[in-house]
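The structure under discussion appears below in the form of structure tokens.
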Amino acid sequence: MIKNYFVWDLGATKCSAGIVEHNVKTNELYCKKKCSIKLANTSSLEDLIHQLEQQLDFFMTQADAICIGAAGHYDGESLLLEGVYPYPMPFASIAKLQKWPCYTVIHDYAPIVCATFTDYMDNANNVFRLNTCPINHAGRRVAFGLGTGLGGKDGVLFPDGNFWLGQNEMGHIGITHPPASEVFYSNRHSELIRFLQNTQDHQAITFEKVLSGPGLARLFQFFYPSQGILTPEEVGYKIQQGQAPEILDTVAWYLGLFVGTLQLMFMPEGGIWITGGVALNHLNVFNHPDFFVGIKTSPAYLLQRQEFPLGVLCNLEHALIGSAYYASKKLIHTYSDLTVPGLSC
């Protein structure tokens with residue numbers, strides 16, 4: 001039996017979507033077609049839906065289930081993310097009006113974790129492994145992404161293919177003071193924190209303030225104050241051209257510090273898996289010595305933590321495959337303890 005899922009990856013600036021085919025007998029998931037639309041080129045949620053259906057040549061009503069991974073909080077009626085989306089996102093009313101099949105709107109990093117439950121992870125083209133540690137499929141795992149923001153989620157896979165997902169907001173973790181670092185790194189860290197405190201209008205100093213697209217722009221102001229203010233894209237280009245080595249060094253170290261912090265918080269035997277536009281556009285950061293120096297800056301349980309898998313999810317279909325996996329387990333299969341916010345069947 002074949003099921004077809006209409007899946008979304010909805011972010012603040014664009015929406016990617018696809019039709020994923022599910023072979024129920026073999027549990028194989030295959031993305032048949034995908035597209036991406038900038039929200040700036042749409043006028044409303046209804047218009048976005050229409051354009052997605054046109055590009056995919058597939059109507060929402062034709063799907064066996066619909067799973068929408070989205071940034072923000074879904075309250076069962078509308079998707080809420082103040083000041084980010086260009087128009088309201090009243091999914092419930094539109095789904096009722098258009099007579100959608102089973103659907104749900106979930107946290108945008110839930111599909112990323114769910115992708116790690118699939119055979120997607122067995123294809124070397126999909127994952128850039130940073131160590132050779134085997135994946136403990138029953139172990140807790142964490143997925144996070146560096147993009148416009150810093151988001152993430154943890155989860156556990158059960159033997160029957162069902163799963164548990166945590167409730168967390170990793171990007172809002174305050175930048176930890178490195179517990180064990182050499183004088184150079186410690187001094188740079190102190191100077192950067194002072195800079196952020198003086199320029200952030202008393203906003204919280206979180207990892208997201210450094211490890212994100214806007215974070216790159218802040219680092220550029222810190223290291224090159226006389227060169228004016230650049231956009232994250234402009235800073236990213238300078239990094240790629242080797243014109244801002246200090247920023248690459250600093251991002252590598254803070255990314256390592258963040259990974260080490262997550263390892264201590266979650267002890268993820270199922271691995272830490274990284275994605276996001278900033279990460280994928282700067283893969284050389286993972287070969288940088290300071291990335292591993294940053295991880296070791298938190299030395300507690302280091303020998304145990306070195307046994308945890310670590311890698312980068314490279315294939316841009318991972319969110320779509322993960323949403324389809326979620327749909328196959330939570331929308332098509334029925335569980336007595338199903339309590340998915342926004343679920344409608």
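Odds and ends about this structure:
- For segment 61-137, a crude dipole built from +1 on the beta carbon of Lys and Arg and -1 on the beta carbon of Asp and Glu, taken about the Cα centre, is about 100 debye to the nearest 20.
- Remark: the chain carries 46 Å² of accessible area per residue (probe radius 1.4 Å; ligands, DNA and RNA excluded).
- For segment 139-197, the Rg and Dmax computed from alpha carbons only, in angstrom: 16.7, 50
- Rolling a 1.4 angstrom probe over the chain with all protein chains present gives an accessible area of which 52% lies on carbon and sulfur atoms.
- FRET efficiency for Asp47 and Ile2, using Cβ-Cβ distance with R0 set to 22 Å, rounded to 0.05: 0.15
- Taking every C-alpha pair closer than 8 Å and separated by at least 6 residues, the mean separation divided by the residue count of segment 212-284 gives a relative contact order of 26 percent.
- Rounded accessible area of Phe58 (nearest 10 Å², 1.4 Å probe): 30 Å²
- Dipole of segment 1-142, positive direction: furthest Cα of Ala12, Gly69, Ala110, with charges on the beta-carbon: Ala110
- Whole-percent pair-distance distribution, where bins are 10 Å wide, for the alpha carbons of the chain: 5, 25, 32, 24, 12, 2, 0
- Largest accessible area first, the listed residues Met1, Met265 line up as Met1, Met265 when surface is computed with a 1.4 Å probe on the assembled protein chains.
- In this structure, the pairs whose alpha-carbon distance is over 20 Å, taken from Lys99/Lys153; Lys3/Lys329; Lys99/Lys329; Lys238/Lys296; Lys3/Lys330, are Lys99/Lys153; Lys99/Lys329; Lys238/Lys296.
- Cα-centre dipole for the chain with unit charges at Cβ (Lys and Arg positive, Asp and Glu negative), debye to 20: 220 debye
- Short-range pairs are left out: with C-alpha atoms under 8 Å and at least six residues apart, the relative contact order of segment 137-238 is 22 percent.
- The calculated 222 nm mean residue ellipticity attributable to helices in the chain amounts to -9500 deg cm²/dmol, summing -39500 (n - 2.57) over DSSP H runs of n ≥ 4 and dividing by all residues.
- 3J(HN,Hα) along segment 38-51: 6, 4, 5, 9, 10, 9, 6, 4, 4, 5, 4, 4, 4, 5 Hz, from the Karplus curve 6.51 cos²θ - 1.76 cosθ + 1.60 with θ = phi - 60°, whole Hz, x for Gly and Pro.
- Integer Hz, Karplus 6.51/-1.76/1.60 couplings in order for segment 296-302, x for Gly and Pro: 6, 4, 9, x, 4, 6, 4
The values are calculated or read from the model by the stated rules, or taken from the named source; none is laboratory data. Values in this document were obtained by computation on a predicted structure and should not be read as measured data. Neighbour counts are summed over all protein chains in view; Cβ atoms, including those assigned to glycine, are modelled from backbone coordinates with ideal geometry. The protein model used for the area step is the full one, side chains on, heavy atoms only, and it has no ligands, DNA or RNA in it. Shrake-Rupley method; radii C 1.70, N 1.55, O 1.52, S 1.80 Å.
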